[in-house]
Amino acid sequence: MDERRITPIAGVLSVVLLVVAVLVAESESKSPDEQATGAELATYLADNLESLAIGTVLWGLGTIALIWFLDGLRARIAPASGQLARLAYGFGFAAALFLLASVVPEVAGALASDNLERNLEGGAAEALTSLGDGFFIAAELMLAGFFFTVGLAALRARAFPAWLGWISLVLAVVALIPPIGWAVVVFAFPLWLLLVSALLWRSAAADFAPTS
């Protein structure tokens with residue numbers, strides 16, 4: 001299969017895998033809220049090793065698909081601007097790794113609890129869940145750089161339609177606003193991936209269409 005078709009497939013697959021990973025990780029019990037005590041967090045980790053482990057594996061597969069998509073995106077931007085192509089891939093790659101890192105501490109805590117055959121101390125459970133939040137914030141910042149670069153690639157280098165460039169620039173700004181930046185990661189980024197995958201698939205279909 002031509003790489004121009006593989007890239008949008010990878011983009012859609014990454015979204016599907018990441019969504020399924022979240023559903024699986026939360027399938028056994030509801031994730032604790034922000035007001036949960038250390039003891040409640042420790043109990044959650046001790047009781048959810050299987051679902052957290054499967055969810056992390058699925059998240060890892062989704063990350064692989066996402067990086068594949070990002071490489072295809074770099075190839076799309078490169079003819080217009082090599083520098084913007086490299087920056088978009090770099091920021092996107094960093095965001096993908098930070099997102100993966102954001103889910104690893106919880107499964108590590110669940111595994112530690114299973115190995116010790118007891119609940120973790122409340123402070124340790126709080127530290128592990130807070131560590132994941134820190135990686136999530138780092139992913140927000142990297143996505144701001146990613147969207148800004150893609151916006152420039154669309155508006156200045158004409159690698160994408162101008163309207164996509166403006167959407168990307170708006171998302172870059174929103175990602176930097178602490179109270180709402182999380183929504184860019186959780187909602188906007190997956191929708192953006194699906195939208196761009198559709199554009200890339202349509203572009204590849206046009207390239208392969210027979211000429212009369």
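Computed 3J(HN,Hα) for segment 135-144, one whole-Hz value per residue from the Karplus formula 6.51 cos²θ - 1.76 cosθ + 1.60 where θ = phi - 60°, is 5, 5, 5, 4, 5, 4, 5, 5, 5, 4, glycine and proline marked x. Applying 1/(1 + (r/R0)^6) with R0 = 22 Å to the Cβ-Cβ distance of residue 121 and residue 141 gives a FRET efficiency near 0.10. Over the alpha-carbon set of segment 3-202, divide Rg by the Kirkwood Rh and report the Rg/Rh ratio to two decimals. On the Cα set of segment 3-202, Rg over Rh gives 1.04. Couplings 3J(HN,Hα) for segment 153-162, derived from phi with the Karplus relation 6.51 cos²θ - 1.76 cosθ + 1.60 (θ = phi - 60°), are 4, 7, 7, 9, 8, 6, 6, 9, x, 4 Hz, where x marks Gly and Pro. Within segment 115-212, the trypsin sites (Lys or Arg not before Pro) that combine a DSSP coil assignment with at most 13 other C-beta atoms in a 10 angstrom radius are 118, 156, 158. Loop-located GluC sites (Glu not before Pro) across segment 91-193 with a Cβ neighbour count of 15 or fewer within 10 Å are 117, 121, with loop assigned by DSSP. How far is helix 82-116 tilted off the main Cα axis of the chain, in degrees rounded to 10, range 0 to 90? The angle comes out near 20 degrees. Summary value for segment 3-202: 26 percent relative contact order, contacts being C-alpha pairs under 8 angstrom separated by 6+ residues.
Any read-out appearing in this document is the output of simple, stated calculations on the displayed coordinates, not a laboratory observation. Quick caveat, the model's predicted, so the values are computed rather than measured. Methodologically, a virtual Cβ is constructed for each residue, glycine included, from the backbone with ideal geometry; neighbour enumeration extends over all protein chains shown.
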